[in-house]
Amino acid sequence: MSKVKVLTIFGTRPEAIKMAPLVKEIEKNSDTLESVVCVTAQHRQILDQVLELFEIKPDYDLDIMKDNQNLWSLTSDVLLKTKEVIEEVKPDVVLVHGDTTTSMAAALSAFYAKVPVGHVEAGLRTFDKYYPFPEEINRVFTDAVCTYYFAPTDKSCDNLKASLANPENIYKTGNTVIDALLYTVENHKEEVEGLTLNPNLKTILLTSHRRENFGEPIREICKAVLELVERNQDIEVVYPVHPNPNVRQPVYELLDGKERIHLIKPLEYAQFCSLMKKAHIIMTDSGGVQEEAPSLGKPVLVLRDTTERPEAVDYGTVKLVGANKEKIISTVEKLLSDEAEYKKMSESVNPYGDGLASKRIVEVLKSIKK
Ligand code: UD1
Ligand code: UDP
């Protein structure tokens, strides 16, 4: 029997982190599956950090990233360049991940070539097409053209059943981010290079990059951080700044050189995991960090008004605070001063997976009829 040829396409840091354990698992099953990896390189430096850590050498690298790129050119570059790869590889199935422009346009590209698509991390929804923008529509669109759905939780399965015309081939697998996290925490105990933290202070870890926070919201977040460090002498803030110029510009303008605020470059994943483990509180608008931090037992304040990841909010370990300065300050200060509140939010919970998602997905891939 000939092998099932799986073409995995991804382009950004979070897709790479979440696809890496799956690529490794496909490679382990080389008796029945053939793995071909294509990176669009929608991200460059922060994608390469992940490829290096997980020792993935892509078969195709489309190298599309441009400085301060826009959605139109990004979409057309992914669509046109993946067409050539799909035509050359002739895969039995294409895998995409999540909700980026790479995922959406690569799924469309495979659909146009009439190749079945598997969507890893399918079924997440806020039901608001502008929050997050453009990710909510990227997910809806990707789910519409897919054949196989690898949904992380019961809620994501229910969303798919309610929204798809033919709700078939929906598999609850858990999220591969937990596979990546557990593997990394176990195998790479890396310290953060060039960062000295004061052991007498509590560390607040901050990340932010969402398009809907560009402009005034990100400035509000920075102002909240400034006021927090001024009012609370026992904290320091570490902020690995996303390379997007729309983030870097206001963040460096408002926070660079301030006492007890460390602006650092994006961290290699293993170092970022160490930092999450050290942190007292995490503030983020990232999707992946919302999924990882609860399993490390860290309270998470989400710098957004909505989330497609409501599970940890239901458990009480994640709180939505938006980009609202007063709300950010009062929620952090409550956690700093109220032990019972901190204990409640720092319970370790794992609604997003058990580390076996990639294995479950591979079992489905092995059953695909050629
Ligand atoms: C993208 C995704 C978003 C995802 C995020 C993860 C889309 C539309 N957005 O947003 O869903 O949550 O990645 O981080 O798919 N840059 C670099 N080096 C890098 C990466 C980015 O310099 O390694 C800069 C470039 O100037 C680039 C810009 O950041 O043009 C924006 O990158 P882009 O992928 O368009 O948007 P993100 O905000 O990173
Ligand atoms: N991350 C990292 N280094 C950093 C910041 C984040 O490796 O400096 C990891 C983080 O642990 C998570 C992923 O990158 O797995 C999240 O990526 P990002 O926030 O860029 O995207 P999102 O998850 O919001 O799509």
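FYI, it's all coordinate maths here, none of it is from the lab. The structure presented is a predicted model; accordingly, all values stated were derived computationally and were not measured. Note that each Cβ is placed from the backbone with ideal geometry, even for glycine, and that neighbours are counted across all protein chains shown.
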If one takes the longest principal axis of the Cα atoms in the chain, at what angle in degrees, from 0 to 90 and to the nearest 10, does the Cα axis of helix 245-255 lie?
10 degrees
Separation of alpha-carbon centers, region 33-106 and region 266-327, rounded to whole Å
27 Å
For residue 256 and residue 61, calculate 0.36 nm times their separation in residues minus their Cα-Cα distance, and state this gained length in nm to one decimal.
66.7 nm
Please turn the phi angles of region 135-149 into ³J(HN,Hα) values with the Karplus equation 6.51 cos²θ - 1.76 cosθ + 1.60 (θ = phi - 60°), one per residue in order, whole Hz, x for glycine and proline.
5, 4, 6, 4, 6, 4, 5, 4, 4, 5, 9, 7, 10, 10, 10
Residues meeting the amide H criterion for residue 148 (H placed from the backbone, H to H distance under 5 Å, 5 or more places apart or on another chain) are 117, 118, 119
Which of these, 242, 188, 262, has the largest mean-square fluctuation under a Gaussian network model of the chain (Cα springs below 10 Å)?
188
Relative contact order computed over region 177-259 (Cα-Cα under 8 Å; 6+ residues apart), in percent:
34 percent
When the chain is treated as a GNM, springs tying every alpha-carbon pair under 10 Å, which of 284, 306, 317 comes out with the largest mean-square fluctuation?
306
Charge tally for neighbours of residue 42 with beta carbon under 9 Å away, counting Lys, Arg as +1 and Asp, Glu as -1, is -1
Order of 228, 195, 22 from fewest to most other C-beta atoms within 10 Å?
195, 228, 22
Relative contact order (%) - region 26-157, alpha-carbon pairs under 8 angstrom, separation at least six:
19 percent
Cβ-Cβ cut-off under 15 Å around residue 366, Lys and Arg +1, Asp and Glu -1: the net charge is +1
Stretched fully, the stretch from residue 71 through residue 234 gains (0.36 nm per residue minus C-alpha distance, one decimal, in nm) 54.5 nm
Using amide H atoms built 1.01 Å from N in the peptide plane, name the residues 5+ places from residue 237, or on other chains, whose amide H lies under 5 Å from its own.
204, 261, 262
Okay, helix-only estimate at 222 nm for the chain: each DSSP H run of n ≥ 4 adds -39500 (n - 2.57), divide by all residues, round to 500 deg cm²/dmol; what do you get?
-14000 deg cm²/dmol
I'd like the orientation of helix 176-187 relative to the chain: the angle between its Cα long axis and the longest Cα principal axis, in ° from 0 to 90, rounded to 10.
70 degrees
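Using the Kirkwood formula on the Cα atoms of region 202-253, what hydrodynamic radius do you get, in angstrom to one decimal? Before the final figure, lay out the partial values.
Details: mean 1/r = 0.0871 Å⁻¹.
With all distinct Cα pairs of region 202-253 included, I get 11.5 Å.
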Under 10 Å, Cα contacts only: if you run a Gaussian network model on the chain, which one of 350, 138, 187 comes out with the highest mean-square fluctuation?
187
Give the dimensionless ratio obtained when the Cα radius of gyration of the chain is divided by 2.2 N^0.38 Å.
0.97
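For region 1-111, which semi-axes, largest first and in whole Å, follow from the square roots of 5 times the eigenvalues of its Cα gyration tensor? Can you show the working numbers first?
Working: eigenvalues 99, 55, 21 Å².
They are 22, 17, 10 Å, listed largest first.
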Sites residue 330 and residue 87 - FRET efficiency at Förster radius 41 Å, r taken between beta-carbons, to 0.05
0.15
What angle, in degrees between 0 and 90 and rounded to the nearest 10, separates the Cα long axis of helix 269-278 from the longest principal axis of the Cα atoms of the chain?
40 degrees
For the pair residue 127 and residue 278, the simple spin-label estimate (label points 7 Å beyond Cα toward Cβ) gives in nm 4.2 nm
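Quick check: residue separation of residue 137 and residue 349 times 0.36 nm, minus the Cα distance between them. What number comes out in nm?
73.4 nm
Listing 9, 170 from the residue with the fewest other Cβ atoms within 10 Å to the one with the most, what is the order?
170, 9
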What net charge do the residues around residue 129 carry, taking every other residue with its C-beta under 11 Å from that of residue 129, with Lys and Arg at +1 and Asp and Glu at -1?
-1
Over all distinct alpha-carbon pairs, what is the Kirkwood Rh of region 32-177 in angstrom?
15.8 Å
Relative contact order, percent, region 1-91 [alpha-carbon distance under 8 Å, six or more residues apart]
30 percent
Output the peptides 251-257, 292-298, 101-107 sorted from most to least packed, where packing is the average of other Cβ atoms within 10 Å over each peptide's residues.
101-107, 292-298, 251-257
